[in-house]
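One structure is given below, encoded as structure tokens.
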Amino acid sequence: MPVTYDLASRFAQTSGLLYFVALFAGTTLYALWPRNQGRFDAAARLPLDEE
């Protein structure tokens, strides 16, 4: 039974959606993780440093 275009397209769309949702959730968790706050605060102050 050959794989039809519709089936392959549906699989690609679903797996792509799940991949990007997981990537978004991982990025959001990384950015909001309390241990990373110091790193982001230092990066936010970097343009204001005169050294």
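Rounded to the nearest whole Å², what accessible area per residue is found for the chain with the 1.4 Å probe?
Values: 5110 Å² over 51 residues.
Ligands and nucleic acids excluded, the figure is 100 Å² per residue.
Can you tell me the length gained on complete extension of the stretch Leu48 to Ser15, counting 0.36 nm per residue apart and subtracting the Cα distance?
Residue separation times 0.36 nm, minus the Cα-Cα distance, leaves 7.6 nm.
The angle between the Cα long axis of helix 5-32 and the longest principal axis of the Cα atoms of the chain comes to about 20 degrees, rounded to the nearest 10.
The values are calculated or read from the model by the stated rules, or taken from the named source; none is laboratory data. Keep in mind the model is a prediction, meaning the values are calculated, not measured. We work out accessible area using only protein heavy atoms, side chains counted, and drop any ligands, DNA or RNA first. Shrake-Rupley method; radii C 1.70, N 1.55, O 1.52, S 1.80 Å.
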